[in-house]
Amino acid sequence: MRRPTTRRTLLATLGAASTFSIAGCSGVIPTGPDDDSGAADPSSTGTPNGSETDTSDGSGSSGPGGSSIDDFEGNVGDRWGEPENGKYTTDTENAFEGDQSLVLQAEEGDAPNVTITRLFYSDSEENSGLDLSSHDLSLAVRFEQPSNGYISIECLAPAEGDKLTCRRFIPQELKGWTRFDLGYTGKEGNPEPQSVVEIRISVTTDGEPIKVGIDDLRKIPKADKGKVMFQFDDSVASAYNTVFPMFKERDWQAGVAIIPDEIGSQDSLTTPNMREMADAGWDMMSHTSTDRLPTRSEQEQKRAIKRSKEQIKSQGFKSGARHFVAPNGRVDTTTLDLIQENHETNFMFGAGPSNAKQPTNMFTIPRVMGSSPDAVVELLDLAEEFNQLVVIQYHGVGDGKETTTAAFEQVVNHVDKKDMDVVSPSQFLDSVGN
């Protein structure tokens, strides 16, 4: 495993999503486009033959970039078939970009999912289908109902038996448009990403009513190589005692989500621990002492987020303070605006990989729970094959901890065998666009 050389130019599930627990400090929640910078070209229109409009600005900054697969403008029924369950409608009052979006709906008691399908065929026999060989998928989503659920995209490439699946969990308190990049969480047969002939977009719940807006489906350039990032939440001492020596032997760096008020307390990192790790290239990330941020007023949230960042910076960890991890993944739209004002990245539970080159939204980078090593190994295999990013999140590591040393070593030893770069949050941020 080679540590990448980076430079400044400006980050599962599984087929069985239930393997990962959503409880606890599982990541952070996303935010929408920055002052409309995440918007697609409003003039682009999805077409029945699957052609796309390139709106990349060619810069190294985060943004939608890539090509529009479907902007859900015009007569959507000409491109998307009737849903298998529930229904869809167009919404001209609430679009992520352009004049309308698509709303997937199902009533209570209906099947617990809504799926829509679009076929992609070209007139040329030499180039039939949608080519995703050099691209990942990105989609704008607005969840109204349910409170918990996930959105998935299946790519038939080129048949039912040769299929790639992306699955992404949506945080329960996020109401409003958010752009998500999607990595592959499942694979059947021997799919050929250059020959995707059908895309299925689904929303799945536990039986609750469904009302979910979708817009601006894009394909975005993928990296030339997959990446792995390790993160350790809550200032846990095992990040230093157990993990740091292991990673030092490999010249790997990682991130620790620091609760400033816990520094030096029992089973927590000390300031000398943190400085030694930072000197070796680790990031000390901001992780507020205030729990359940959305239950607080805007002023309380603002104080908590700024205070945590300033405490981290005041101890000399300016690079790590660029990154944020919210307690328990509890974030609403107000919190997200405040995070963007103070930080450059935000990590959240998503249960899958993501784009490893230039995410369309640096505030919706997903993480997977490391406490299920077999599932993590499967995601690492997919991310290596399709050049995507896996961010693995842990709490305590060691005997009697959330993750045993043996389970952690299973993942570390697997990464050792992968042709992927291990990156810290700052190494990833500083390499975005390359």
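Assorted remarks:
- Annotation for the range 160-173: at least one member residue is in contact with a Leu (Cβ under 8 Å, 6 or more places away or on another chain), part of a strand (DSSP E or B), over 24 Å from Y88 (Cβ atoms) and not small (G, A, S).
- The residue pairs whose first member lies in the range 366-389 and is more than 22 Å from T345 (Cβ to Cβ), whose second member is among the β-branched types (V, I, T), and whose beta carbons are closer than 6 Å, counting only pairs six or more residues apart or on different chains, are S371/T403; S372/T19; P373/V411; A375/T19.
- When residues of the range 202-233 are limited to those that are modelled with pLDDT under 95 and not in a strand (DSSP E or B), the one surrounded by the fewest Cβ atoms within 10 Å (Cβ to Cβ): D206
- Against the test of being modelled with pLDDT of 90 or more and farther than 13 Å from V196 by Cα, the options A159, A140 yield a single qualifying residue, A140.
- Within the set I259, I263, I201, the sole residue that is assigned by TED's automatic domain parsing to the domain that holds L156 and among the β-branched types (V, I, T) turns out to be I201.
- Pairing residues of the range 327-340 that are over 17 Å from F143 (Cα atoms) with residues that are surrounded by fewer than 22 Cβ atoms within 10 Å (Cβ to Cβ) and acidic (D, E), at Cβ distances under 8 Å and at least 6 apart in sequence or on separate chains, gives P327/D291; N328/D291; L338/E298; Q340/D34.
- All positions within the range 66-87 that are more than 30 Å from G433 (Cβ to Cβ), assigned to a strand (DSSP E or B) and at pLDDT 95 or above: W80
- None of L164, L174, L182 is crowded, with 23+ Cβ neighbours inside 10 Å and at pLDDT below 95 except L174.
- Condition check for A304: touching a Ser or Thr at 6+ places or on another chain (Cβ under 7 Å) and assigned to a helix (DSSP H, G or I): yes
- Filter result for V412 (touching a helix residue (DSSP H, G or I) at 6+ places or on another chain (Cβ under 7 Å) and at pLDDT 95 or above): yes
- The set of residues in the range 312-333 that are at pLDDT 85 or above and either touching a Cys at 6+ places or on another chain (Cβ under 6 Å) or not in a loop (DSSP other than H, G, I, E, B) (or both) comprises I312, K313, S314, G320, A321, R322, H323, F324.
- Test: A239 is crowded, with 18+ Cβ neighbours inside 10 Å and part of a helix (DSSP H, G or I): yes
- Scanning the range 266-282 for residues that are outside any loop (DSSP other than H, G, I, E, B) and either within 27 Å of the chain's Cα centre (by Cα) or not assigned by TED's automatic domain parsing to the domain that holds T335 (or both) returns M274, M277, A278.
- Residue within the range 393-405 that is crowded, with 22+ Cβ neighbours inside 10 Å and within 15 Å of the chain's Cα centre (by Cα) present: yes
- Tally, over the range 391-417, of residues that are farther than 19 Å from P366 by Cβ and in a loop (DSSP other than H, G, I, E, B): 7
- Within the range 288-315, the set of residues being out of contact with any strand residue (DSSP E or B) (no Cβ under 7 Å at 6 or more places or on another chain), buried (at least 16 other Cβ atoms within 10 Å of the Cβ) and charged (D, E, K, R) comprises R296, K302, R307, K313.
- M285 being surrounded by 15 or more Cβ atoms within 10 Å (Cβ to Cβ), in the same structural domain as G396 (by TED's automatic domain parsing), under 27 Å from the mean Cα position of the chain (by Cα) and assigned to a strand (DSSP E or B): yes
- Residues considered: G149, G98. Of these, the only one that is within 20 Å of the chain's Cα centre (by Cα) and either surrounded by fewer than 20 Cβ atoms within 10 Å (Cβ to Cβ) or modelled with pLDDT of 75 or more (or both) is G149.
- Of the residues making up the range 288-301, those that are of a type in the set (S, T, N, Q) and in a loop (DSSP other than H, G, I, E, B) are T288, S289, T290, S297.
- Filter result for the condition that a residue is aliphatic (A, V, I, L, M) and either closer than 30 Å to R292 by Cβ or in a strand (DSSP E or B) (or both), over L137, L132: L137
The values are calculated or read from the model by the stated rules, or taken from the named source; none is laboratory data. Nothing here was measured: the structure is a model prediction, and the numbers come from that model. In this analysis, Cβ positions are derived from the backbone assuming ideal geometry, glycine residues included, and neighbour counts consider all displayed protein chains.
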